[in-house]
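Read through the structure below, which is laid out as structure tokens, and then see the notes.
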Amino acid sequence: MNSESRRDLLFNVLMNGAAPLVAILIAFAIGGIVITSLGTNPFAFFSRMFSLNFGSMRGVSQMIYRATPYFFTAMSLSFAFKAGLFNIGAEGQMFIGGLALAWVGFTFTWLPFPILFVLCLVAGFLGGALWGAIPGYLKVKRGAHEVITTIMMNFIAIAMVQYLVQNHFMNPDWGIPHTPTVAKGAYAPSLDKIIPWFPTGTRANIMFLVAIILAGLTLVLLRRTKLGYEIRATGLNPNSAEYAGIDISSRTVMTMAISGGFAGMATANFILGPGSHYFLKSEYGGIGFSGIAVGLLGRNNPLGIILAAILFGFLENGALGVQLYFPNVPRQIVEIMQAIILIVLVIVLELARKFLQRLQKRG
Amino acid sequence: MEGITKRFPGVLANDSVDFSVQEGEIHALVGENGAGKTTLMKVLYGIYSKDEGQIYFDDEHVSIEDPKDANNLGIGMVHQHFMLVPPLSVVDNITLGSEIAHRGVLDREEGKRRIRDLASDIGFDIDPEATVEDLSVGVRQRIEILKVLFREAEVLILDEPTAVLTPQEVESLYEILTNLQEQGKTIIFITHKLNEVMDLADRVTVMREGKKVGTKGIEETSKNNLANMMVGREVLLRVEKKEAEPGEELIRAENLTVKNDEGVNLVNDISFSIREGEVFGIAGVQGNGQTELIEALTGIDRFSSGTVEVQNSDLTNADGRELREEGIGHIPEDRLDRGMITDFTVTENFVLGYHTFERYSNRLFLKLKEMDNHAEEAVEEFDIKTPSTKTLAESLSGGNQQKLIVARELSQQPKLLVAAQPTRGIDVGAIEFVHERLMEERASGKGLLLVSSELDEIMSLSDRIAVIYEGEFTGMFDSNETSKEELGVYMTGSKRQNEEEVRRKALGKVSLGE
């Protein structure tokens, strides 16, 4: 191995491995301080959290269930990132996609499994894709920056979904606003139906595998197809892409659509998976935004994103269970830690970059 | 500087280099790309820390750890890429970091006064309140020089100062540097243009592969001598060009016009034709419509009127893909911002623009194996120095990046090659290589449209030369019957030939040289 590739390896290890780990450790340390200040032993707290997640296959399964939607919204961020676009709109795309897939599920109730299930996923993808394509189109046609438009589209989506559910899909007798339930044909099989040794009665479902398959397909798309080549070229250098005869406008819109499509499928885990089987807006808030953190923590790499999504699932699942044991620690501690991870990560990455630059200067 | 050694991972950038400059001289530092010139100067200016060696200033041993130390000694550097804040005014840019203030209140008037004085001392006027982003590249460079002088530098280092300038701007830079010398300043300038060395320098130091080859007084050397020192072998400064054997007409372009968004004609009613085995050169100062003409011709931009016919099929405003399929290759003038994607591998760059061709992809998938095989053959054939075809293009040197682009376009065996500034910013060895390859294309009956701001290049490669000025052809010449001086007169617009005659000659209706 020559020294250049040694440096590249060092760069990779530092930026993609060490930096996220340091960020996670610091987040746990700060979380521990907060927990201590609440009069609870942080080691007892975290070890309980750990055993709730990893102590049994049921725990693992619940953790996977919680991790799955983050997987989708993080892929949404990362895919756009590969094309040089910063899609902050996963939240809105997730809501639009979620409502679309629920609507298909409770409307075409006569369709059998797996036709309805697949149709629901397609609807979720298309709903999110539409919501993502609009900022892409505005960028191409009017030069509107996608960060601004995707953020704005989030608010529109949230209000629109709220309105549609309350005024069109909801039975006024129900206490909380949600849609009708989807038909059986739309149910996502739980993981124990597919993996024999998986524990029964948990909510982990096939959507986790769907996410993994999609991540693999994305890699193939970007690395091995003509379209992926053009998407990457457009993202890395639009001027050179233009020189190469690539239609950068259509590639930008398409990238945003695919990115939005991933986010649009995020809630299938809740709506089609074991559980209430209806669209309940209040249950999903923040998953799109957290996807940004998961994507960045996973360094836009499929394996990294799985690990990061599982970490977020770990925290969330742990927070739900640990409340029984430590009632004086609010579950929001997890949100604090998620935020700290992101902030520290950004700082650590910047420090690592500086360190590598100095290394280069020293030679 | 004595025994300066600087190592980068895998590279010995400076290998115990001795370098000395006398007070009040203009000293040129020349060498091919990657010879270690800039590294040596960055060590002197404190941007890089040296691994070994000593620096003496006025016979005193000094330690320069960062640019502040260098500034305190009176050493200033004008970088190749300007370090200005575009939305700020000239005075704010120059005083930034060494503001004149009384009790914390900025004294901009004093700053402006000093800047005007400094500027007039070296022979130009400047409006200190102008906003930098509205100013031309040449003026920005002057601001950089003023910035250094404002900090009372006695030694000025200029890194390839002429690379970004038009010929007229180069002239006035010469004047400025001469004036500075008269004031007793010491100037070191890095370049690989030998003309500049001969015109300007008192002494010259040549570097090659991180080592110093030698230092010479200007009167005891010559361009050829320096070129040999730079590359360590004989180089052809003029390309061997065989007698032209023009064949059938390849491309016929008539009345081409390109408008910008405001409706101004950037290219105005240009016509020309190129035959097989012929090189049609377009000479001109940058910014006179060359870029627009070429980008519209190669499908990046559009003509607002006019026609382009290639072997009798209409290709006016065809897109880049169609043009490539018709056998029209394009070496763009901006290597990094048009010609390649630095974060792509060598292989990926090798198919850029041709990735939709059947040999590199089917309906959906890229043929990665074929891509790689072809790229490897090209790396071999064109002697591109890269660890592998999977290396990212960003880690190649400028000359090798350019070779990669040339390799890509020539490997597709185009009928017509549009080459814009094909040797800009690359070293003598690579220039020679590119020139030879272009001449081989000509010999094999390909047509070539060459745009260059290097008159030497235009003169030695072209068969017919058009001069472009403000979007129009102002003169048509046979390369055997003109001179750099004559072209220069037309390039500045001070003379123009009869419009009809230019058009007729450019379209080749009259055989030239009769």
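One quarter of the convex hull surface built on the alpha carbon atoms of the stretch B:389-478 amounts to 6.9 nm², the projected area averaged over directions. Restricting the calculation to Cα atoms, chain B shows an Rg/Rh of 0.99 when the hydrodynamic-style radius is the Kirkwood one. Each principal axis of the stretch B:167-270 carries a Cα extent, and these read 53, 40, 25 Å when sorted largest first.
Extending 7 Å from Cα along the Cβ direction at B:Q286 and again at B:A443 yields two label points whose distance is 3.2 nm. Only one residue of B:H27, B:P167, B:T5 has its Cα farthest out toward the positive end of the dipole of the stretch B:2-231, where Lys and Arg carry +1 and Asp and Glu -1 on Cβ, and that residue is B:T5. Going Cα to Cα from A:K193, which lysines come in below 27 Å? Please leave out same-chain ones fewer than 8 positions away. Counting by Cα, and skipping residues close in sequence, A:K193 has these lysines nearby: A:K184.
Of all lysines in the structure, those lying under 22 Å Cα to Cα from B:K495, and not within fewer than 8 positions of it along the same chain, are B:K484, B:K505. Spread over its residues, the convex hull of the C-alpha atoms of the stretch B:246-311 is 80 Å³ per residue. First select every other residue whose beta carbon is under 11 angstrom from the beta carbon of A:P274; then total the charges, Lys and Arg +1, Asp and Glu -1. Residues close to A:P274 contribute a combined charge of +1. With a cut-off of 20 Å on the backbone N, the residues of the stretch B:350-381 near the modelled label site 7 Å out from B:Q311 along Cα-Cβ are B:354, B:357-359. Among A:N154, A:N237, A:N317, which one shows the highest mean-square fluctuation when chain A is modelled as a Gaussian network with alpha-carbon springs under 10 Å? Fluctuation is largest for A:N237.
By a straight-distance test (C-alpha under 19 Å), which aspartates and glutamates pair with B:K112 as possible cross-link partners, with residues fewer than eight away in the same chain excluded? Candidates past the 8-residue exclusion: B:D92, B:E99, B:D121, B:D125, B:D127, B:E129, B:E133, B:D134, B:E144, B:E152.
Pairs of alpha carbons in the stretch A:198-283 separated by more than 15 Å make up 67% of all such pairs.
Proximity of backbone amide H atoms, modeled 1.01 Å from N, is registered between B:F365 and A:K226 at under 5 Å, excluding neighbours fewer than 5 places apart on the same chain. Taking Lys and Arg as +1 and Asp and Glu as -1, the other residues whose beta-carbon sits under 9 Å from that of B:R359 total -1. Evaluate E = 1/(1 + (r/R0)^6) for B:S395 and B:S49, where r is the Cβ-Cβ distance and R0 equals 30 Å; express this FRET efficiency to the nearest 0.05. The value I calculate is 0.85.
Considering only DSSP beta bridges where both residues belong to the stretch B:2-231, give the percentage that are antiparallel (nearest 5). Approximately 50 percent, going by the DSSP bridge assignments. Computed from the C-beta positions of B:K415 and B:R116 and an R0 of 51 Å, the FRET efficiency is 0.35 to the nearest 0.05. For chain A, divide the Cα radius of gyration by the Kirkwood radius and give the resulting Rg/Rh value with two decimals. My calculation puts Rg/Rh at 0.99. For the stretch B:2-231, the extents of the C-alpha atoms along the principal axes are 51, 37, 32 Å, listed from largest to smallest. Under 5 Å from the amide H of B:T298 lies no amide H of any residue 5 or more positions distant or on a separate chain, with H modelled from the backbone and absent for Pro and chain starts. For the stretch A:100-149, the calculated P(r), taken from all Cα-Cα distances in 5 Å bins from zero up to the bin holding the longest distance, is 5, 22, 20, 13, 10, 11, 10, 7, 3 percent. The residues neighbouring B:I465, those whose beta-carbon lies less than 12 Å from its own, together hold a net charge of -3 under the Lys/Arg +1, Asp/Glu -1 convention. For the stretch A:265-363, the calculated P(r) over all alpha carbon pairs, in 5 Å bins from 0 to the bin holding the longest distance, is 2, 11, 15, 18, 18, 14, 8, 5, 3, 3, 2, 1 percent. Shape index of the stretch B:1-127: Rg/Rh, with Rg the Cα radius of gyration and Rh the Kirkwood radius from the inverse mean 1/r over Cα pairs, equals 1.04.
Label-to-label distance, A:N167 versus B:V85, with points set 7 angstrom from Cα along the beta-carbon direction: 5.0 nm.
How big is D for the stretch B:330-401, in µm² s⁻¹ as a whole number, if Stokes-Einstein is applied with the Kirkwood radius of its Cα pairs at 20 °C and 1.002 mPa s? Estimated diffusion coefficient is 171 µm²/s. Step through the table entries A:K226/B:K390; B:K6/B:K185; B:K37/B:K390, compare each Cα-Cα distance with 22 Å, and write down the pairs that go over it. The pairs that break the limit, which is 22 Å between Cα atoms, are B:K6/B:K185; B:K37/B:K390.
Please list, by residue number, everything in the stretch A:63-98 whose backbone N is under 18 Å from a paramagnetic label point 7 Å out along Cα→Cβ of A:W197. Residues passing the 18 Å test: A:64. Placing R0 at 45 angstrom, the Cβ-Cβ distance between A:E283 and A:I33 gives a FRET efficiency of 0.90 after rounding to 0.05.
The convex hull around the C-alpha trace of the stretch A:49-167, projected and averaged over every direction, spans 10.2 square nanometres. Over the protein assembly as shown, the fraction of Cα-Cα pairs per 10 Å bin, rounded to whole percents and listed from the shortest bin up, is 2, 10, 17, 19, 19, 15, 10, 6, 2, 0, 0.
Centre-to-centre, using Cα atoms only, the stretch A:149-165 and the stretch B:258-320 are separated by 48 Å. Placing a pseudo-label 7 Å from each Cα along the Cα-to-Cβ vector at B:R103 and A:S276 gives an inter-label distance of 6.8 nm.
Where a number appears in this text, it was derived from the coordinates with a stated rule and is not lab data. Source: prediction; values computed, not measured. Glycine gets a Cβ as well: all are built from the backbone with ideal geometry, and neighbour counts include every protein chain shown.
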